[in-house]
1. Answer with yes or no whether ASP158 is among the acidic types (Asp, Glu) and either over 30 Å from ARG130 (Cα atoms) or touching an Asp or Glu at 6+ places or on another chain (Cβ under 6 Å) (or both).
2. Is it fair to say GLY167 is in contact (Cβ under 8 Å) with a residue 12 or more places away in the chain and on the phi > 0 side of the Ramachandran plot?
3. Could we say that VAL191 is at pLDDT 90 or above, closer than 30 Å to GLU133 by Cα and either surrounded by 14 or more Cβ atoms within 10 Å (Cβ to Cβ) or not hydroxyl-bearing (Ser, Thr, Tyr) (or both) here?
4. Looking at (1) part of a helix (DSSP H, G or I); (2) of a type in the set (A, V, I, L, M); (3) open to solvent by less than 40 Å² (accessible area, probe 1.4 Å), which is the one condition that is false for LEU122?
5. Among the residues of segment 102-135, how many are modelled with pLDDT under 75 and hydrophobic (A, V, I, L, M, F, W, C)?
6. Quick one: in segment 197-233, of everything that is assigned to a loop (DSSP other than H, G, I, E, B) and touching a helix residue (DSSP H, G or I) at 6+ places or on another chain (Cβ under 6 Å), which residue is surrounded by the most Cβ atoms within 10 Å (Cβ to Cβ)?
7. Against the condition surrounded by 14 or more Cβ atoms within 10 Å (Cβ to Cβ), at pLDDT 95 or above and out of contact with any Ser or Thr (no Cβ under 8 Å at 6 or more places or on another chain), how does ILE236 come out, does it pass?
Amino acid sequence: MTFEAFPGIKQLIYWVVNNESAIVQGIVNLIGAIFLLCIGVFIARITSAGFKKLLLSRNVDKTITQFCSALLRYAMLVFAVVAALGRIGVETSSIIAVIGAAGLAIGLALQGSLANFAAGVLLVSLRPIRAGEYASVGAVAGVIEEVHIFSTTLRTSDNKMVVVPNGKIIAGEITNFSRQKERRVDITLGVAYNTSIEHFKSVIKTVVLLDPRIKHDKGHTIRLNEFAPSSLNFVIRVWTENKYYWDVYHDLMENIKNALDANEIQMPYPQMDVHMHDLRVLKNTQELTH
């Protein structure tokens, strides 16, 4: 059997012989590209893991650590892919242009997601809320479970999980109830108009001083705040540690009610004075006018 019976194979052999150097160079470039890609993946993984350990050793927030290490790993992978393509002769400038155009198209298509991503970067960087803190974000209040790049997960007081897009969090108000060590307890209380102001203040002061969880060194406020239509409204303000806030609030409410009952201080219902006129006098007045 001769090669004349297979002219295609004969032409292939001639082409290989004539382009031997180009083929060898192409194989070398391909092996070099694969080698660069493997080295790039390895270096990206090692560098990302080392950077993550470094941040954790510096007590950097876990969310920030994961985000930064992942961003570094993906950036190095993109660089390795571009370098590998350049090794096999692909024009890298055109690749960069394609990546830029694709990024622009994706950005226009995912404006909302990119807004959430940018908001997530701000939340991770500025850290107005952290995992484990109790906060109000927009219309939702609860314990912060996780702060992700696109959304934040909260657990409400009735144990419901709520996922809020980060864009809405940044665009609205953020109230963090756990960041400060101490909080002020505010209570507004209305009593009857015939109540002695000094007596009321003395009774409430006794209740406040009996609670050891209240920060007595920071003082307290028991003052008349408003002349309401049916009551004298007093404001009571005390300071306590954040962890005791709700216990102090509810205990004060109960103890104040018991103290008012013991001292016969009334908390009136809304009242209205109705004046009744003598119908005979009213009738005589109408006859005189006519």
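The values are calculated or read from the model by the stated rules, or taken from the named source; none is laboratory data. Every value quoted in this text rests on a predicted model; they were computed, and no experiment measured them. Cβ: placed from backbone, ideal geometry, glycine included. Neighbour counts: every protein chain shown. Only protein heavy atoms, including side chains, enter the accessible area calculation; ligands, DNA and RNA are left aside. Shrake-Rupley method; radii C 1.70, N 1.55, O 1.52, S 1.80 Å.
1. Judged against the criteria, ASP158 is not a match.
2. no
3. No; evaluated as a whole, the condition is false for this residue.
4. So the condition that LEU122 fails would be (3).
5. Within segment 102-135, the subset modelled with pLDDT under 75 is 102-114.
Within this subset, residues satisfying the condition of being hydrophobic (A, V, I, L, M, F, W, C) are 102, 104-106, 108-110, 114.
Residues meeting the conditions: 8.
6. Of all residues in segment 197-233, those assigned to a loop (DSSP other than H, G, I, E, B) come to 210-213, 215, 219-220, 228-231.
In the following step, the residues that additionally are touching a helix residue (DSSP H, G or I) at 6+ places or on another chain (Cβ under 6 Å) were identified as 213, 220.
Working: ARG213: 14, HIS220: 17.
Once the filter is applied, the top-ranked residue is HIS220.
7. No: the conditions fail for ILE236.
Yes/no per residue for (1) outside any helix (DSSP H, G or I); (2) modelled with pLDDT of 70 or more; (3) under 28 Å from the mean Cα position of the chain (by Cα); (4) within 30 Å of ARG130 (Cα to Cα):
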| site | (1), (2), (3), (4) |
| --- | --- |
| ILE43 | no, yes, no, no |
| SER48 | no, yes, yes, yes |
| LEU55 | no, yes, yes, yes |
| PHE79 | no, yes, no, no |
| SER94 | no, no, no, no |
